[in-house]
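Remarks on the structure that follows.
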Amino acid sequence: MSVVHITNPITEDEIAKLKAGDRVLLSGTIYTARDAAHKRMIETLEKGEKLPFNVDGQTIYYVGPTPAKPGHVIGSAGPTTSGRMDKYTPTLLELGLKGMIGKGFRSGEVIESMKKNKAIYFAAIGGSGALIARTIQSVEVIAYEDLGPEAIYKLTIKDFPAVVVIDGEGNDWYQLGKQQFQDQYYGQGAD
């Protein structure tokens, strides 16, 4: 299987070409946000205020990086469970968010919103935070510094490894992979 190189911000044309299960190497600019930052962003919108960055066309990585060791730009930067952001995600997708990076399943509501808004969900490999950190070239806190590792960071990345878990059509690699395994080892249509 080949690897697709993507430069962020990602376009709808690129999203349309990617399929669940594709391996990708992401480069360019992405933003970090976890539970506390998502909650604060939604509260900001509810007050009629502007977000700390324009999410239109952007990718958010669900991570709370550890402090950088001397000589490094960032500490370990492994993904957190994406489902914790599900209640906030459809609002951000409506505002133009195009990509999300995390680990684990997404709700049906998020998948439907992804299909409607032509967005994509990538999985980073849990437990690989030190490897992922090597792909991060620069780090800048842009909002909510009081949240520590859960602040919003702007990251410049080069060849960040990920897998397309849910593509722009809503195909879910977790479900497809499970079905392929069952078909291969237990016969067609096995549950």
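For the reader, a short list of remarks on this structure follows.
- Those residues of the stretch 95-141 which are closer than 15 Å to Gly57 by Cα, touching a strand residue (DSSP E or B) at 6+ places or on another chain (Cβ under 8 Å) and in a loop (DSSP other than H, G, I, E, B), in sequence order: Leu97, Lys98, Ala119
- Flag not set for Ser27, criterion: among the hydroxyl-bearing types (Ser, Thr, Tyr) and over 24 Å from Gly168 (Cα atoms).
- Between Ala36, Ala16, Ala20, the distinction of being among the aliphatic types (A, V, I, L, M), crowded, with 20+ Cβ neighbours inside 10 Å and either on the phi < 0 side of the Ramachandran plot or touching a Cys at 6+ places or on another chain (Cβ under 7 Å) (or both) belongs to Ala20 only.
Coordinate-derived values only; no laboratory data. Here the structure is a predicted model, which is why all the values come from computation and not from measurement. Cβ coordinates were reconstructed from backbone atoms using ideal geometry, including for glycine residues, and neighbour counts include every protein chain displayed.
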